[in-house]
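A.B. asks: One structure is given below, represented as C-alpha cells, and several questions about it will come after.
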Amino acid sequence: MPRKLGKTSDQRRAMLRQQVTDFLDHGKMETTVTRAKEIKPLAEKMITLGKKSDLAAYRQAMSFITREDVCKKLFKEIAPTYAERNGGYTRIIRTGIRRGDAAETAVIELV
C-alpha cells in the first residue's frame with residue numbers, strides 16, 4: 001500500500017516529481033523520513049533509465065522529471081558514474097526530529 005502523505009493522488013504525484021527533480025539536481029536533500037522513502041525508488045528508477053542512455057529512455061525520464069536541464073544532467077553526469085553499479089544509488093540517513101511538528105527528518109543523498 002503506497003503512502004498517501006496527506007495529499008490527493010495528483011498533488012502527491014506532482015510533489016514527488018518535484019522532489020525527485022530537486023534531489024537529482026542537488027545530489028542530496030533534507031526531508032521527512034516517509035517522503036525520503038517515497039523518493040528513493042523513483043530516483044533510482046530515473047538513474048536506471050539514465051544508464052540506458054537511448055532516446056526512448058530519455059523521453060521516459062523527461063515525462064517524469066520537471067526540468068530539462070536536470071534530465072540532461074542525469075544522462076550526461078549522474079548515470080555514467082553508476083555504470084558499474086547495479087542499483088542502490090541512494091542512501092537515507094536519519095537526522096533527528098523537526099522542532100515545529102516533531103516529524104522525523106532524514107537526508108537522502110546519492111551514494
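A.B. asks: Failed condition for G27, given (1) open to solvent by 80 Å² or more (accessible area, probe 1.4 Å); (2) in contact (Cβ under 8 Å) with a residue 60 or more places away in the chain, with all others met?
C.D. replies: Exception for G27: condition (1).
A.B. asks: Now, a different point. Restricting to the range 1-30, and then to whatever is assigned to a helix (DSSP H, G or I) and of a type in the set (D, E, K, R), can you tell me which residue is farthest from the chain's Cα centre (by Cα)?
C.D. replies: Of everything passing the filter in the range 1-30, D10 is farthest from the chain's Cα centre (by Cα).
A.B. asks: Six or more apart or on different chains, Cβ under 9 Å: which pairs go from a residue in the range 76-89 that's farther than 9 Å from K51 by Cα and open to solvent by 30 Å² or more (accessible area, probe 1.4 Å) to one that's of a type in the set (V, I, T) and not in a helix (DSSP H, G or I)? Could you list them?
C.D. replies: That search, which allows pairs on different chains as well, returns R85/V111; G88/V111.
A.B. asks: Only residues that are within 12 Å of the chain's Cα centre (by Cα), surrounded by fewer than 17 Cβ atoms within 10 Å (Cβ to Cβ) and outside any helix (DSSP H, G or I): list them for the range 31-65, please.
C.D. replies: F64
A.B. asks: Within the range 72-80, is even one residue under 17 Å from G27 (Cβ atoms) and part of a loop (DSSP other than H, G, I, E, B)?
C.D. replies: Among the residues of the range 72-80, not one is under 17 Å from G27 (Cβ atoms) and part of a loop (DSSP other than H, G, I, E, B), which makes the answer no.
A.B. asks: Taking the residues in the range 1-17 that are of a type outside the set (D, E, K, R) and farther than 24 Å from G96 by Cβ as candidates, determine which candidate is surrounded by the most Cβ atoms within 10 Å (Cβ to Cβ).
C.D. replies: Step by step, filter the range 1-17, then rank; the result is A14.
The values are calculated or read from the model by the stated rules, or taken from the named source; none is laboratory data. Predicted, not measured: the structure shown is a model, and the values here were computed from it. Counting neighbours? That spans all protein chains shown, and the Cβs are built from the backbone with ideal geometry, glycine included. Surface areas here come from the heavy atoms of the whole protein model, side chains and all, with no ligands, DNA or RNA. Shrake-Rupley method; radii C 1.70, N 1.55, O 1.52, S 1.80 Å.
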